[in-house]
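Okay, structure first, notes after.
Nothing in this text is a laboratory measurement; each read-out follows from the coordinates by a stated rule. Model, not experiment: these values are computed from the prediction. Because the Cβ atoms are built from the backbone with ideal geometry, glycine has one as well, and the counts that use them run over all protein chains shown.
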Amino acid sequence: MKVRALVLASQGKLRDCGIENPTRDARLMLANCLGVEIHKLNLIDDSFPSEDEISKFWRMVDERCKRKPVSKIIGYRAFWGRNFEVNEDVLDPRGDTETLVEVVLKKKFKTMLELGTGSGAIAITVLAERFDATCVATDISGPALEIAARNSKIYGVQNRLTLLQSDWFSKISGRFDIIVSNPPYISAKEYNELGNEVVDYDPKISLTTGGDGLDSYRQIISNAREKLRKNGQLVLEIGFSQAEPVKKLLDGAGFSKIRIHKDLGSRDRVLSAQAAEGSPVT
């Protein structure tokens with residue numbers, strides 16, 4: 001069976017399984033099977049994959065029909081033009097999170113702390129774009145940090161990235177120009193309404209701490225000023241309905257210059273704020 005026929009047959013099966021983007025998913029998985037970049041798949045439309053490649057591909061299609069995300073099938077997710085290794089130990093980097101990176105890259109800083117790095121996509125992207133910056137990136141999960149370490153080596157930033165297993169600030173020393181986080185912010189109610197593709201394949205600890213979804217912000221915001229240098233910046237991803245409650249937390253903790261940044265869908269996605277001018281410098 002030719003590549004073209006495989007794509008057509010598999011997208012039909014995926015469509016019958018109720019997959020939302022069958023053509024895209026079929027092409028991503030087949031390109032991965034054949035070891036080619038997806039934009040080059042059309043160049044080999046008339047080629048004949050081996051029997052082993054075809055068998056592997058149909059196994060992938062079966063997994064996708066069971067609602068396993070494509071990223072967890074092929075082992076990577078694209079983010080800011082780079083592919084990052086992912087598995088079930090880390091949250092997939094989402095396109096919405098590129099708004100967070102965009103906001104961070106507009107700031108002036110040399111030292112960055114990222115809380116809850118997961119795959120390392122945020123920290124690694126920032127370091128790959130800012131050659132003069134260094135970063136300490138934390139996660140409570142050891143397996144997640146192993147993935148972040150591998151991703152950092154792929155993009156050559158490992159010498160400027162310190163990975164640390166820590167529950168938020170528990171093992172953090174020193175102060176930073178900027179603190180960044182995409183913390184778990186889904187409420188318990190919202191989590192119970194998520195589909196199987198998320199609940200079964202993304203770590204719960206990366207999505208929710210239960211309750212109203214604001215606990216992570218309370219912990220981060222109440223401690224961040226002690227870890228920021230004078231006029232240091234705090235940049236947080238938020239859920240689309242959380243701007244006002246998180247802004248209230250920032251106000252209460254003495255942050256100033258609080259700004260709401262929208263994503264490409266015009267939804268509130270990121271909050272940035274500055275530490276008070278009286279914050280210490282070390």
Check: C-alpha center region 142-157 vs C-alpha center region 63-123, spacing in Å is 12
For residue 189, go through the aspartates and glutamates and keep the ones whose alpha-carbon is under 12 Å away, minus same-chain ones fewer than eight residues off. 212
Using the crude model of +1 on Lys and Arg Cβ and -1 on Asp and Glu Cβ, and no other charge, please compute the dipole size for the chain relative to its Cα centre, in debye to 20. 820
Signed unit charges on C-beta, dipole axis of the chain, positive-most listed residue 140, 168, 71: 168
Could you pull out the GluC sites (Glu not before Pro) across region 21-56 that fall in loop regions by DSSP (anything but H, G, I, E, B) with no more than 12 other Cβ atoms inside 10 Å? 37
Rounded to the nearest 500, what is the 222 nm mean residue ellipticity of the chain from helices alone, with -39500 (n - 2.57) per DSSP H run of 4+ residues and division by all residues? -11000 deg cm²/dmol
Least to most buried among 62, 139, by other C-beta atoms within 10 Å and fewest first, runs 62, 139
Find the Cα radius of gyration of region 201-282, compare it with 2.2 N^0.38 Å by division, and give the number to two decimals. 1.15
Output needed: percent of Cα pairs per 10 Å distance bin for region 1-154, bins running from 0 to the one holding the longest distance. 10, 34, 28, 19, 8, 0
Rounded to the nearest 5, the percent of antiparallel DSSP beta bridges in the chain equals 40
Relative contact order (%) - criterion: Cα under 8 Å, at least six apart; region: region 89-274: 22
Roughly how large, in nm² to one decimal, is the mean projection of the convex hull of the alpha-carbon atoms in the chain? 15.3
Every cysteine in the chain with no other Cys Cβ under 4.7 Å from its Cβ, please list them in numeric order. 33, 135
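Loop only per DSSP, at most 11 neighbouring Cβ atoms within 10 Å: give me the trypsin sites (Lys or Arg not before Pro) in region 142-224, ordered by residue number.
171
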Between helix 215-224 and the chain: long-axis angle, C-alpha atoms, 0 to 90°, nearest 10: 50
Size of the dipole of region 3-66 about the Cα centre, Lys and Arg at +1 and Asp and Glu at -1 on the beta carbon, nothing else charged, in debye to 20? 180
So how tilted is helix 243-252 from the main axis of the chain? Cα-based, degrees 0 to 90, rounded to 10. 30
To the nearest 0.05, the calculated FRET efficiency linking residue 262 and residue 190 through their beta-carbon distance, R0 being 22 Å, is 0.65
Using the Kirkwood formula on the Cα atoms of region 1-71, what hydrodynamic radius do you get, in angstrom to one decimal? 11.8
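Under unit Cβ charges (Lys, Arg +1; Asp, Glu -1), what dipole magnitude, rounded to 20 debye, does region 113-244 have relative to its Cα centre?
720
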Over 21 Å between alpha carbons, listed pairs 204/227; 106/230; 106/262: 204/227
In degrees rounded to 10, the 0-90 angle between helix 3-16 Cα long axis and the longest Cα principal axis of the chain is 70
